[in-house]
1. Looking at (1) at pLDDT below 80; (2) part of a loop (DSSP other than H, G, I, E, B), find the lone condition where residue 138 falls short.
2. Evaluate the following for residue 7: is it under 21 Å from the mean Cα position of the chain (by Cα) and either farther than 29 Å from residue 138 by Cα or modelled with pLDDT of 75 or more (or both)?
3. Is there any pair linking a residue in the stretch 77-97 that is touching a residue at least 40 places away in the same chain (Cβ under 8 Å) and at negative phi to one that is surrounded by 10 or more Cβ atoms within 10 Å (Cβ to Cβ) and part of a loop (DSSP other than H, G, I, E, B), with Cβ under 7 Å and at least six apart or on different chains, and which?
4. So which residues in the stretch 52-73 are touching a residue at least 12 places away in the same chain (Cβ under 8 Å) and out of contact with any strand residue (DSSP E or B) (no Cβ under 7 Å at 6 or more places or on another chain)?
5. Out of all the residues in the stretch 113-122, is one or more closer than 28 Å to residue 52 by Cα, surrounded by 10 or more Cβ atoms within 10 Å (Cβ to Cβ) and under 17 Å from the mean Cα position of the chain (by Cα)?
6. Looking at 105, 49, which one is outside any loop (DSSP other than H, G, I, E, B) and surrounded by fewer than 13 Cβ atoms within 10 Å (Cβ to Cβ)?
């Protein structure tokens with residue numbers, strides 16, 4: 001009987017995980033960061049949920065006013081963009097730490113179904129943008145009446 005030497009079987013996904021970690025570290029450097037208001041290329045956090053015949057989206061946008069934000073709806077996609085300007089520096093003020101940045105962001109969110117762009121409402125309260133997007137008529141369930149003979 002021949003003796004077969006034990007070979008260490010490598011997890012096939014281990015190399016992929018290592019590659020992902022390397023890419024994360026590589027793109028996390030300042031050289032590749034996006035000049036956005038949220039620093040280091042991050043986008044504003046949002047939640048998307050379905051409520052009745054519409055989709056509701058909430059997005060965190062602290063420090064933005066209604067004139068700083070634009071919302072576009074096209075078929076199954078919502079595009080939210082915003083801009084925060086630099087605050088003029090006051091004379092005689094010495095900053096010890098300055099993390100709030102100025103810049104722009106744009107975020108496209110794909111929705112599961114077509115929506116009616118005419119029936120979109122948006123409100124901004126306490127730094128939270130809330131969008132309510134009505135589904136298109138053809139996407140909403142329709143009750144069929146049955147006629148008995």
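1. Condition (2) is where residue 138 drops out.
2. The answer is no for residue 7.
3. From the stretch 77-97, the pairs are 78/111; 82/61; 82/64; 84/37; 84/63; 84/64; 84/102.
4. Within the stretch 52-73, 62, 65 meet the criteria.
5. Yes; the residues of the stretch 113-122 include at least one that is closer than 28 Å to residue 52 by Cα, surrounded by 10 or more Cβ atoms within 10 Å (Cβ to Cβ) and under 17 Å from the mean Cα position of the chain (by Cα).
6. On inspection, the qualifying residue turns out to be 49.
The values are calculated or read from the model by the stated rules, or taken from the named source; none is laboratory data. Because the structure is predicted, anything quoted here is derived from the model rather than measured. Note that each Cβ is placed from the backbone with ideal geometry, even for glycine, and that neighbours are counted across all protein chains shown.
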